[in-house]
Each structure stands twice: as structure tokens, then as C-alpha cells.
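Heads up, the thing below is written out as C-alpha cells.
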Amino acid sequence: MTPAGTDRGAGRFAPSPSGDLHIGNIRSGLLSYVRARQTGRRFLWRIEDLDRVRAGSAESQLAVFAELGVAPDERPLIQSQRQEIYARALRGLDEAGLVYECYCSRKDIAQAPSAPHAPPGAYPGTCRDLGEDERAEQRRRLERKGRQPALRLRADNREHQIDDVLLGRVSALVDDLVLRRGDGVFAYNLTVVVDDAASGVDEVVRGDDLASSAPRQAYLAGLLRAPAPGWVHVPLVLNTEGRRLAKRDGAVTYQQLSAQGWTRADVFAWMQRSLGLQDVGSEWRDIDDMIAGVDFDRIARGPTVFEPPVQE
Ligand code: GLU
């Protein structure tokens, strides 16, 4: 794989176009942009539309960022247009003997005894070493149900580590993760690694709910002979019950907050408070204030609670 534009690195924001972004997603995206501007990287946008797509969402997410003063430096990458590229990466792994078919259902995996020391949910390796006869039979069994096997990575099933600017060292066991799902959709872990490498993304800024995926993505990058990026996993925004903020929590999207009277400046002032930077300099009113004001060494490391304004 030849990464493009590596002379000047890049950061990116890669939201799934499944609906309007809430203030927490917006904060992660803005931080990714700020970091790119502060470090002289290009800022890229990727539309992760292989799954859970709502018509018009990608456009409306981009429009909100445009309104907040943020535009990607290049035309967004659209995953649904890149099937051939994912297929090629998968073929390369297959030729290296690193791919196998998996016939397990979710239930099979949940019920199988797990390997010693494996974290809950790790693939127990049921289909890893099946003989050809058994594979043929399993294939026929799925075919009768109108399904096809998933494709999994033959990983080394060891702990891998990455170093994160905010979290320090993050370790996780890398199991035989899915590369292509049983419904034929290329899996998130494959597409994210292929796309980041192809776009020259050398630093990933995103929500820390994905931090535990970073070691497996770095491992997969190594197998694809792509350089692993650096990582900055930023804290999430939670609801008043301490759970990840969600649409059902009330007015949480930019559109809803605008309808409640929030201005652009209110959004940036909230960004400043939520990052624990309200005492540094004057109040932020726009993206330039945020670029000047964010200090990644000083931002609040813990999650922030967002209390939506009461809907009128
Ligand atoms: N599309 C993923 C999401 O919206 C983010 C992927 C990533 O940043 O690696 O959660």
C-alpha cells in the first residue's frame, strides 16, 4: 500500500452518517480539526457509510461543521465507493495465509468456551483450524440458510500496545477479528486501517470509546505493511446519568441546540468549559479561538457531562 501525501501528515474525522451528530461527536470532530491545525497536518473527512446510513446525514454533518467554520482540506472519502480497495487488501492478507472463513453465529460464539485469559467477547477460535471437508459442510449449511461465511484474520492472539497522547500506553489482546462480515460488508477494523493508510493519516484523534480498538488496528496496519498512526483518544461526553450521550437525552444536536437559542459562540464557549479551559484566556467564540486555546496537555482527562437545555 502506498500512502498518499505522507510528506505532510493528516488527521481526520470519520463519522458514520447515521443521523445528526450530538455535541459529544461534534467535540471530538472539532478536537481532531484543532489538532490538525495546531500540528500542520491536513484535515480529512471520511464518510463511513458501509453500515447504518441515513439519507442526507453525511451532508448535514458536513454542513454543521461548515457552519462552525470547519471544512475538510480535501474532498471527503466515501467508503461505499472503495469496495475494490478493501477487497484488494483482503486478498493480500489471504495470500499471506492470514484469512479464514468463519461459520459461527453470534450465539455460537457466546456459547463456546472461551480460550484461557481471553477477554469476554474474544473469538474463541472455533473455525480457525477446520479441515477442508468440515469447511465444505459448514459452507453448505450456511448456504441453505441463505448466508455466507464471515472472513476472519488469523491473528497472533497476543497482547498489543499503542501509545496514546492522552491515555499513555493502551494494551489489548488482538483476537481473530472479522475482516468481512457474514452479510458481505467489509468490517470497520479493516476499512479504517486501509483508509487511514491510503490517505496518509498519521495521527488519529477520536473518542476514547474506540481506544481499545487501537491496538488491533495498529496490528492490522503492520500486517498490511502500512505505518500505524499516532493516537489521541479524547474523553467522551456523557449524559446526566453518566452514560454515553445519546439522541434520546434531549436537545443534543447542533440543530436542536440552535432551535433552543444556542448561537455558534455558545457552542464554542461550551467547548471551552467542557475541556476545563475556561480559566485560560478569554471566552471562545469561534473556531480560531478554539485553535488558539486548546492545549492538549491541559485538557480535562475525564468525561464531561452535558445537560441539555430544557426543550421549549
Ligand atoms: N465511524 C466511527 C464512528 O462514528 C469512527 C471511526 C474512527 O474514528 O476510527 O464511531
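Each part gets one Cα centre, and for the range 55-104 versus the range 242-312 those centres are 28 Å apart.
Fully extending the segment from ASP295 to ASP279 would add 4.5 nm, taking 0.36 nm per residue of separation and subtracting the current Cα-Cα distance. Take every DSSP beta bridge whose two residues both sit in the chain; close to 50 percent of them are antiparallel. Note: the range 208-264, Cα convex hull, 132 Å³ per residue.
Averaged per residue, the range 72-130 has 64 square angstrom of accessible surface, using a 1.4 angstrom probe with ligands and nucleic acids left out.
For LEU142 and THR263, the difference between the fully extended length at 0.36 nm per residue and the C-alpha to C-alpha distance is 38.2 nm. Between ALA96 and GLU307, the FRET efficiency estimated from the beta carbon spacing at R0 = 41 angstrom works out to 0.20. Calculate, for ILE78 and LEU210, the FRET efficiency according to 1/(1 + (r/R0)^6) with r their C-beta to C-beta distance and R0 22 Å; round to the nearest 0.05. The formula returns an efficiency of 0.60 here. For the chain, the orientation-averaged shadow of the C-alpha convex hull comes to 17.6 nm² (one quarter of the hull surface).
Cβ distances below 4.7 Å define possible disulfide partners, and in the chain the cysteines left without one are CYS104.
The values are calculated or read from the model by the stated rules, or taken from the named source; none is laboratory data. Predicted, not measured: the structure shown is a model, and the values here were computed from it. Using ideal geometry, Cβ is built from the backbone for each residue, glycine included, and neighbour counts are taken over all protein chains shown. Keep in mind that these areas ignore ligands, DNA and RNA; they rest on the heavy atoms of the full protein, side chains included. Shrake-Rupley method; radii C 1.70, N 1.55, O 1.52, S 1.80 Å.
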